[in-house]
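See structure below.
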Amino acid sequence: MRRPITATKRRRLAVLGSPIAHSKSPALHGAAYAALGLDWSYEAIEVSGNELAEFVASRDESWRGLSLTMPLKREVLPLLDSADDMVDLTGAANTVLLGESIRGFNTDVYGITEAFRAHGVSSLARVQILGGGATAASALVAAQQLGAHTVTLSLRDPSKAAGLVALGALLDVTIAVLSEPTVPPDAVISTLPGSAKHSLSFAAETRASAVLFDVAYDPWPSQLAREWLAVDGHVISGIEMLTLQALAQVRVFVNGDPAAALANEQAVVAAMQRAVAG
């Protein structure tokens, strides 16, 4: 049984994934805890799917929590004692709080919706999502929360769309699995890795009118971002989602709740943004 953890003690945290060397999460979290006056450590650790269970089980009481990226957001689910509603809905957890029990959270949905809102986009009707992994599920839920009623899924392997189609039915969102939508979307959300190549062709009209939200941030600008910027299109970078979902993670690690605001949160956010600027 893990002993209870309090925010005042020195704690250890990490972001896990493979690959992980490129991660900016240590910079974001380090800035946040410094701004909060907490002497906590946060590092990036290479962990694959078949190593995750042993890694989690071997953490001692000094560990406060974990952030998860590819390919661990679904692999962690059997290890959780409890999960928040967003984990249950998306089938993906990117945040683990350690203590007497192992609790899972999904802060990616918050990161996506709040990044759209920060760019003045508070309502969507038609969305195109590129990719079919764990982040695509979060993107689908975020699109629905912003009002989308029609979502086109563009995947290299359409047979992998079944889970997202089922999620769309649960959300009362019409799902089409097509390389491109029949009606231009309001937004294109790419959940592809930054280095991934795609064979999709987007008309200049679509690039000029639809918002591109590319969850990638390394390398930046991505191939898609360059295509949108070539026609002065509206682009939201993955670093903005990363910062906002990290803010919700910090709330979890400090307050135990992704919705519980931090003390002096505005200053914390400013410190996080400075840490990844440039």
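The values are calculated or read from the model by the stated rules, or taken from the named source; none is laboratory data. Keep in mind that what you see is a predicted model, and the values were worked out from it rather than measured. Please note: Cβ atoms are built from the backbone with ideal geometry, for glycine as well, and neighbour counts cover all protein chains shown. Calculation scope for accessible area: heavy atoms of the full protein, side chains included, ligands and nucleic acids excluded. Shrake-Rupley method; radii C 1.70, N 1.55, O 1.52, S 1.80 Å.
In order along the stretch 174-180, the Karplus-derived 3J(HN,Hα) couplings, from 6.51 cos²θ - 1.76 cosθ + 1.60 at θ = phi - 60°, round to 6, 10, 10, 9, 9, 5, 8 Hz, and Gly and Pro are given as x. A crude spin-label estimate for the pair Ser122 and Trp220, with each label 7 Å from Cα along the Cβ direction, gives 2.5 nm. The C-alpha atoms of the chain define a longest principal axis, and helix 108-118 lies at about 60 degrees to it. Counted by Cβ distance under 12 Å from Asp214, the other residues give a net charge of -2, where Lys and Arg count +1 and Asp and Glu count -1.
Helix 238-255 and the long axis of the chain differ in direction by around 30°, with both axes built from C-alpha atoms. With springs only between Cα atoms under 10 Å, which of Thr152, Thr191, Thr182 fluctuates most in a Gaussian network model of the chain? Its mean-square fluctuation being the largest, the pick is Thr182. Within the chain, the percentage of alpha carbon pairs spaced more than 30 angstrom apart rounds to 27%. If you sort the three axes of the alpha carbon gyration tensor as a ≥ b ≥ c, you get a/c under 1.5 for the stretch 1-117, which makes it rounded. Computed over all pairs of different Cα atoms, the Kirkwood value for the hydrodynamic radius of the stretch 61-212 is 16.1 Å. Per-residue ellipticity at 222 nm from helix content only, as computed over the chain with -39500 (n - 2.57) for each DSSP H run of at least four residues, stands at -10500 deg cm²/dmol. Counting charges near Thr150 (Lys, Arg +1; Asp, Glu -1) among other residues having Cβ under 15 Å from its Cβ returns a value of -2. The long axis of helix 25-35 is offset from the longest Cα principal axis of the chain by roughly 50 degrees. In the stretch 174-278, the alpha-carbon atoms span a convex hull of 140 Å³ per residue.
Number of Lys-Lys pairs in the chain with C-alpha atoms under 26 Å apart and a separation of 8 or more places or on different chains: 6. Beta bridges per DSSP, both residues in the chain: antiparallel share near 20 percent. Rolling a 1.4 angstrom probe over the stretch 126-246 with all protein chains present gives an accessible area of which 53% lies on carbon and sulfur atoms.
Here Arg10 sits with roughly 130 square angstrom of accessible surface, probe radius 1.4 Å. Ligands, DNA and RNA are left out, and with a 1.4 angstrom probe the accessible area of the chain is 44 Å² per residue. Scalar couplings 3J(HN,Hα) for the stretch 264-278, obtained by applying the Karplus form with A = 6.51, B = -1.76, C = 1.60 to θ = phi - 60°, are 6, 4, 4, 5, 5, 4, 4, 5, 5, 5, 5, 5, 10, 6, x Hz; x denotes Gly and Pro.
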